[in-house]
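Colleague: Take a look at this one; I'll ask things after.
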Ligand SMILES: C[S@@+](CC[C@H](N)C(=O)[O-])C[C@H]1O[C@@H](n2cnc3c(N)ncnc32)[C@H](O)[C@@H]1O
């Protein structure tokens, strides 16, 4: 299916956080993440990337209410204790109960409210072992993505993105979300998200040149598309030296 990429505004981004339809749509998002199996997909990528020792410093950009990261933490907590996780979003959405659930897994979660570009560009900002983006990169056009990925490479040694796959099957799935009880906002945004999603090696093509990174980009599950960027060993040593 030939689907040119198209980025359009999502309703959830424009509704006030406390709007009833927005709150309902964020709960739908938890179900959509479960249907896409995104926590399982990212957990597998983490295990592959960190076979010996789990990362202790993780950030999620565009983390929403933090529940995607909580599902990921539940999957990895058995092998990953004493983890510090930053949940970055431009909206203040993380409930104190969610922070408490991280704590019961032995993870220290910190919600940060900021624009991703400003936060990534902060001089002297922490360098993380992993930055994760889940259902986030598709919000941005090519120029913004180039800028975001370039900034992210200065703040992490592994970058994992799990995004909507731009495919006929994903489009069909997004159109059937009414059956799963999702509201009008979620149904609209799901279709828009698939059109703004990725296929092939579109994200790798936007990765900044001139640094030593290993890139893998694949379809994952039925509806998802993943990019994993890892600094090679030479750069890892430099990153460890710089870490604060
Ligand atoms: C589709 S939601 C995904 C939330 C979460 N990753 C998940 O899977 O449940 C996208 C999130 O990106 C956030 N967002 C959009 N543009 C942003 C920006 N420029 N800086 C920070 N967050 C942003 C929105 O507020 C929203 O919470």
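Colleague: Calculate, axis by axis, the spread of Cα positions in the stretch 51-106 along the three principal axes, and write the results as whole Å, longest axis first.
Modeller: 35, 20, 15
Colleague: Could I ask something else about it? Between residue 21 and residue 215, what length comes free when the chain is fully extended (0.36 nm per residue of separation minus the Cα-Cα distance, one decimal in nm)?
Modeller: On the way: separation 194, 0.36 × 194 = 69.84 nm, distance 3.80 nm.
That pair, residue 21 and residue 215, stretches by 66.0 nm at full extension.
Colleague: Run the simple label-point estimate for residue 48 and residue 30 please: 7 Å along Cα→C-beta, distance reported in nm.
Modeller: The two pseudo-label positions are separated by 2.9 nm.
Colleague: While we're on this one: By average Cβ neighbour count within 10 Å, what is the ranking of 73-86, 92-105 from highest down?
Modeller: On the way: 73-86: 17.1, 92-105: 14.3.
Descending packing order for the listed peptides: 73-86, 92-105.
Colleague: Quick one: Cα convex hull volume of the stretch 31-242, Å³ per residue?
Modeller: Enclosed volume per residue, from the Cα hull, is 119 Å³.
Colleague: Can you sort 226, 162 so the residue with the fewest Cβ neighbours within 10 Å comes first? List each step's numbers first, then the result.
Modeller: Details: 226 23, 162 28.
So the ranking, lowest neighbour count to highest, is 226, 162.
Colleague: Looking at the chain, send over the antiparallel percent of its DSSP beta bridges, to the nearest 5.
Modeller: Taking every DSSP beta bridge with both residues in the chain, the antiparallel ones total about 40 percent.
Colleague: Neighbour counts of other C-beta atoms within 10 Å: give me 25, 230 arranged from fewest to most.
Modeller: Details: 25 24, 230 21.
By the 10 Å Cβ count, ascending: 230, 25.
Colleague: Taking the Cβ of each residue in 3, 23 as the centre, tally the other Cβ atoms inside 10 Å and list the residues starting with the fewest. Spell out each step's value before the answer.
Modeller: Working: 3 14, 23 17.
Listed from fewest to most nearby Cβ atoms, that is 3, 23.
None of the figures in this text is laboratory data; all of them are computed from the coordinates on show. Only a predicted model underlies this, so the values are computations on that prediction, with no experimental measurement involved. FYI the Cβ positions are ideal-geometry reconstructions off the backbone, even for glycines, and counts take in every protein chain you see.
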